Amino acid sequence: KAGVTQTPRYLIKTRGQQVTLSCSPISGHRSVSWYQQTPGQGLQFLFEYFSETQRNKGNFPGRFSGRQFSNSRSEMNVSTLELGDSALYLCASRRTTAREGYNEQFFGPGTRLTVL
Amino acid sequence: LAKTTQPISMDSYEGQEVNITCSHNNIATNDYITWYQQFPSQGPRFIIQGYKTKVTNEVASLFIPADRKSSTLSLPRVSLSDTAVYYCLVGDTGRRALTFGSGTRLQVQP
């Protein structure tokens, strides 16, 4: 079974630009979460999507947004990039079922974003 | 969400057993305890998950006392390739994504 894939793997942008990152979850997984990882702040939760709806959100400004499509693929967008947005952006998927027991998260390799 | 506290770093030698303890004093009834491993520039990888007592799989054991206010990840006979950051997470049912703490940076030396 293919794992979580993220594109692109590396990205260089300049301040003020916007960027869109893509995540394809494992087949059958309906939940996609996004995390930002920086050396100073560690792994921080951005948001989670389930069935095309955002159902959890971390403490990030409105410049960070996301969406999920009917095939569970997800994109996140960062507008008006700042130097501090340079980070590894990780996507994770999990199955979730109607019984809502805990489900293991599977992470993708991440997208390394550098803002100059 | 239950907050977790774990040591920032640990050192060990190849072949030794490593125990990493995590404190989670305000764990809730529905919370599970999960450990992830992360290598540099890679996404975290699930190691083990438990609710109470002891859980063992092919890579690790997880010990959870009766009060569930702490847990210990045990890695038997570590090797150099076990050098990584280990995260302890506590989460409720699958309705909520998990919050990662600072993690424990394990350095295994020859």
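The values are calculated or read from the model by the stated rules, or taken from the named source; none is laboratory data. Owing to the predicted nature of the structure, the values given are computational and were not obtained by experimental measurement. Note that we place each Cβ from the backbone using ideal geometry, even for glycine, and neighbour counts take in every protein chain shown.
Note on the range B:44-67: among residues that are over 25 Å from A:Pro25 (Cβ atoms) and basic (Lys, Arg), the one that is farthest from the other protein chains (Cβ to nearest Cβ) is B:Lys54. Only a single criterion out of (1) assigned to a strand (DSSP E or B); (2) over 21 Å from A:Phe47 (Cα atoms); (3) at pLDDT below 90; (4) not hydroxyl-bearing (Ser, Thr, Tyr) is not satisfied by B:Leu89, namely (2).
Whether any residue in the range B:86-103 is away from chain A (no Cβ under 14 Å), in contact (Cβ under 8 Å) with a residue 40 or more places away in the chain and either surrounded by 16 or more Cβ atoms within 10 Å (Cβ to Cβ) or not acidic (Asp, Glu) (or both) is what I want to check.
Of the residues in the range B:86-103, the ones away from chain A (no Cβ under 14 Å) are none.
No - not one qualifying residue is present in the range B:86-103.
Which members of the range B:21-37 meet the condition of being buried (at least 20 other Cβ atoms within 10 Å of the Cβ) and under 11 Å from the mean Cα position of the chain (by Cα)? Answer for the range B:21-37, where residues must be buried (at least 20 other Cβ atoms within 10 Å of the Cβ) and under 11 Å from the mean Cα position of the chain (by Cα): B:Cys22, B:Ile33, B:Thr34, B:Trp35, B:Tyr36, B:Gln37.
For the range A:5-21, check the following and say yes or no: at least one residue is exposed (fewer than 14 other Cβ atoms within 10 Å of the Cβ), out of contact with any His (no Cβ under 7 Å at 6 or more places or on another chain) and under 29 Å from B:Ile33 (Cβ atoms). No - not one qualifying residue is present in the range A:5-21.
When you go through B:Ser41, B:Ser70 one by one, which is the residue that is over 20 Å from A:Gly108 (Cβ atoms), of a type in the set (Gly, Ala, Ser) and either surrounded by 14 or more Cβ atoms within 10 Å (Cβ to Cβ) or within 9 Å of another protein chain (Cβ to nearest Cβ) (or both)? If you could, list the steps in order and put the result at the bottom.
Details: B:Ser41 fails: over 20 Å from A:Gly108 (Cβ atoms).
The unique qualifying residue is B:Ser70.
Filter the range B:3-12 for residues that are part of a strand (DSSP E or B) and surrounded by 15 or more Cβ atoms within 10 Å (Cβ to Cβ); which is nearest to the other protein chains (Cβ to nearest Cβ)? Checked the range B:3-12; the qualifying residue nearest to the other protein chains (Cβ to nearest Cβ) is B:Met10. Scanning the range A:55-87 for residues that are more than 24 Å from B:Pro40 (Cα to Cα) and either free of Cβ contacts under 8 Å to residues at least 12 places away in the same chain or within 11 Å of chain B (Cβ to nearest Cβ) (or both) yields A:Arg55, A:Asn56, A:Lys57, A:Asn59, A:Pro61, A:Gly62, A:Asn71.
Do the conditions hold for A:Gly16, that is, is it under 26 Å from B:Gly101 (Cα atoms) and among the small types (Gly, Ala, Ser)?
Numbers: under 26 Å from B:Gly101 (Cα atoms): no; among the small types (Gly, Ala, Ser): yes.
Taking the combined requirement at face value, the residue does not satisfy it.
Restricted to the range B:18-40, and to residues there that are touching a residue at least 60 places away in the same chain (Cβ under 8 Å) and in a loop (DSSP other than H, G, I, E, B), the residue that is farthest from A:Pro39 (Cα to Cα) is B:Asn30. Restricting the range A:5-34 to residues that are hydroxyl-bearing (Ser, Thr, Tyr) and modelled with pLDDT of 95 or more, the residue that is nearest to the chain's Cα centre (by Cα) is A:Ser22. Of the residues B:Gly43, B:Gly15, the single one that is in a loop (DSSP other than H, G, I, E, B), touching a Lys or Arg at 6+ places or on another chain (Cβ under 7 Å) and either within 17 Å of A:Ala92 (Cβ to Cβ) or touching a residue at least 60 places away in the same chain (Cβ under 8 Å) (or both) is B:Gly15.
When B:Ser61, B:Ser102, B:Ser74, B:Ser81 are checked against the criterion of being under 23 Å from A:Gly42 (Cβ atoms) and touching a strand residue (DSSP E or B) at 6+ places or on another chain (Cβ under 6 Å), a single residue qualifies: B:Ser102.
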